[in-house]
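Contents: one structure, followed by commentary.
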Amino acid sequence: MKTLKKIAFILYPFGVILLLPYLLTREAKAGQIRDVYTTGSSTIPVYLKFKMRTVLSFDAKPEKAVPGSSGNIEIDFIGKDLVVSPISKNPGNLIVYTSTGRFVLNFKVQDGNHYDDVVTVHLGSNPKQFRRAVKLDEATYIVSEITIDYKKKGAEGTSQDVPVSLRTDKKVIGSAELLDSLSAYRPLKCSGCLVSFEKDTSRIICSKPISKIQCENRNAKIYLTLKDIQ
């Protein structure tokens, strides 16, 4: 028995080392789970990844789904959910009809971890977001999107589109996705703007209405361009 315990003690570190790549791979493949609130008058950005399926969940069962680019997206109906997977680099958009309304989803193929595993679409305003916005600055926010261009020293530039909440005066943007996209670049300085990293979100507060923001740290320059998708 003592011999077995001694062998197990010796082999344990090797077992951990062998399992580590598997655990890291599982973590690297994890996407994000989001709740989206819409009045039906704006486009909903959805981030897809090749060889991965994204679940679109609605409050009511989808009655019809009309792809903007036929043949570029695979769609399966499962109860109140649609399961989609990109076939092309340009999957286009999707118009979904339910008993509660019509929804327009704009698909974008992403690399890395910045894709959606599950997007739950709700009709109406996010009550938590509304109360938080009023508490912070008594302002109203709308759903928008920014393009982030990363230019690292000695590496090829990359870019991604990120959903954000935009204050109606266009001087403040913020979202959990923005936090995920910028947290690796701390500390970050932005021209004419202040960057705030919080527990569940990141905000950028600027002195002038946001159009394009230039930020940098020791290893990279980052350009954020506002896209109005209303």
Counting only residues that are loosely packed, with under 14 Cβ neighbours inside 10 Å and not in a loop (DSSP other than H, G, I, E, B), how many does segment 98-112 have? 1
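Restricting the search to segment 126-162, which residues are closer than 29 Å to Pro86 by Cα and either among the acidic types (Asp, Glu) or modelled with pLDDT under 75 (or both)? Show your work before the answer.
Initially, segment 126-162 is screened for residues closer than 29 Å to Pro86 by Cα, giving 126, 142-152, 155-162.
Selection gives Asn126, Glu145, Asp149, Glu156, Asp161.
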Can you find a residue in segment 157-167 that is closer than 17 Å to Lys108 by Cβ and of a type in the set (Asp, Glu)? yes
Among Leu178, Leu194, Leu182, which is over 16 Å from Lys152 (Cα atoms), assigned by TED's automatic domain parsing to the domain that holds Ala155, touching a strand residue (DSSP E or B) at 6+ places or on another chain (Cβ under 7 Å) and outside any strand (DSSP E or B)? Leu178
Which residue is modelled with the lowest pLDDT, if the candidates are limited to segment 35-87 and must be aromatic (Phe, Trp, Tyr) and either surrounded by fewer than 13 Cβ atoms within 10 Å (Cβ to Cβ) or closer than 26 Å to Leu178 by Cβ (or both)? Tyr37
Filtering segment 49-79 down to residues that are within 22 Å of the chain's Cα centre (by Cα) and not in a strand (DSSP E or B) yields Lys49, Phe50, Lys51, Met52, Arg53, Asp59, Gly68, Asn72
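Mind counting the residues in segment 177-210 that are in contact (Cβ under 8 Å) with a residue 40 or more places away in the chain and within 22 Å of the chain's Cα centre (by Cα)?
Residues in segment 177-210 being in contact (Cβ under 8 Å) with a residue 40 or more places away in the chain and within 22 Å of the chain's Cα centre (by Cα): 5 in total.
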Within the group Ile146, Ile173, Ile204, which residue is touching a Cys at 6+ places or on another chain (Cβ under 6 Å) and either buried (at least 18 other Cβ atoms within 10 Å of the Cβ) or outside any strand (DSSP E or B) (or both)? Ile204
Could you grab me the full set of residues in segment 169-194 that are farther than 22 Å from Asn106 by Cα and among the hydroxyl-bearing types (Ser, Thr, Tyr)? Ser183, Tyr185, Ser191
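The values are calculated or read from the model by the stated rules, or taken from the named source; none is laboratory data. What you see is a predicted model, and the numbers here were worked out from it, not measured in a lab. With ideal geometry, Cβ positions are generated from the backbone for all residues, glycine too; neighbour counts draw on all protein chains shown.
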